[in-house]
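Written below as C-alpha cells is the structure these notes are about.
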Amino acid sequence: MNSIGSISRLFFQCLFLTLLLSCSSIKNTEKTGSSEVSAPHINCPEDGDCSFEIMKNSSLEFKYDDIGKLYPAIEPGDNMVVKYHYKRKPEPELMDSGYSEYVYIEFNPDSEQLILKDKELQKVKMIFGRICFCKGSMGYFPVNEGSLFLFNRGNNLQLRASFNVKKVPQIVTHIDENIKY
C-alpha cells in the first residue's frame with residue numbers, strides 16, 4: 001500500500017512539474033506583430049535571464065555600420081524571425097559589467113520542419129551576437145558550425161540548436177526550447 005502511495009505522489013509531482021514547465025506568459029506587440037515569450041527556459045545559464053521574441057511578417061537583414069561591423073536589422077517581410085536573448089546579471093560593484101548574447105533565425109512560417117547543419121545554417125540566416133564591454137571580442141557573426149532542428153506547427157515552435165562561433169568566446173552554445181506564440 002505504501003509503494004502505491006509513493007508512485008501516486010511521484011506521478012502528481014511529475015505532472016505538476018510538466019505543467020509548470022509548459023506554461024508561459026506572452027507579451028504581444030500588435031503594431032510590430034511580434035511576441036516576446038518569457039518562460040522557464042531549460043537551457044538558460046543560471047547567472048542570467050533568457051527571452052525569445054517571435055517577429056511575424058519580418059525579414060532578417062544583415063547590415064554594416066560605419067566601421068564595417070555586421071549587425072542584424074529586422075525589416076518587414078514574409079518570414080518569421082526568432083530572436084533569442086541571454087542577459088547576464090550585472091555585477092553591481094563593477095562598472096560596465098553588462099553582457100548579452102543574441103541568436104537570430106529567419107524562416108518561412110509555412111515550413112513545418114527544418115533540419116540544418118553547418119553552412120546550411122545560413123539558409124535561415126542564423127547569426128550570433130556578443131555584446132559587452134570587451135574590446136576586440138564583440139559583435140555579430142554568421143553561424144556556420146552547428147546544427148538546427150526547427151519544428152513549427154499551430155503557433156508552437158520547437159527549436160533545438162547546437163552551435164559554435166570561433167571568432168569570440170560564447171556562453172550560450174545550445175538552445176532547446178518549446179515556444180508557444
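Laboratory data are not the source of any read-out in this text; all were calculated from the coordinates shown. Note that the coordinates shown come from a computational prediction; the quantities given were computed from them, not determined experimentally. All Cβ positions, glycine included, derive from the backbone under ideal geometry; neighbour counts span all protein chains shown.
General observations
- Residue-span extension gain [Asn155 to Asp78] - 0.36 nm each, minus C-alpha spacing: 26.1 nm
- Applying a threshold of 26 Å to the alpha-carbon distances of Lys117/Lys167; Lys63/Lys83; Lys89/Lys119; Lys56/Lys89; Lys87/Lys180 flags Lys89/Lys119; Lys56/Lys89 as lying beyond it.
- Shape class of the range 41-104 from the Cα gyration tensor (axes a ≥ b ≥ c, square roots of the eigenvalues): oblate, since a/c reaches 1.5 or more and a/b does not exceed b/c.
- Charge sum, other residues only, whose C-beta stays under 12 Å from Phe107's C-beta, Lys/Arg counted +1 and Asp/Glu -1: -1
- Mean separation of Cα pairs under 8 Å and 6 or more residues apart, divided by the residue count, gives the range 25-180 a relative contact order of 17 percent.
- Separation in nanometres of the label points that stand 7 Å from Cα toward Cβ, at Asp49 and Leu94: 2.0 nm
- Each 10 Å bin, from zero up to the one with the longest distance, holds this percent of the alpha carbon pairs of the range 30-167: 11, 40, 37, 11, 1.
- Partners for Lys123 among aspartates and glutamates (Cα-Cα distance below 18 Å; same-chain residues under 8 apart left out): Glu61, Glu75, Asp78, Glu106, Asp110, Glu112, Glu145
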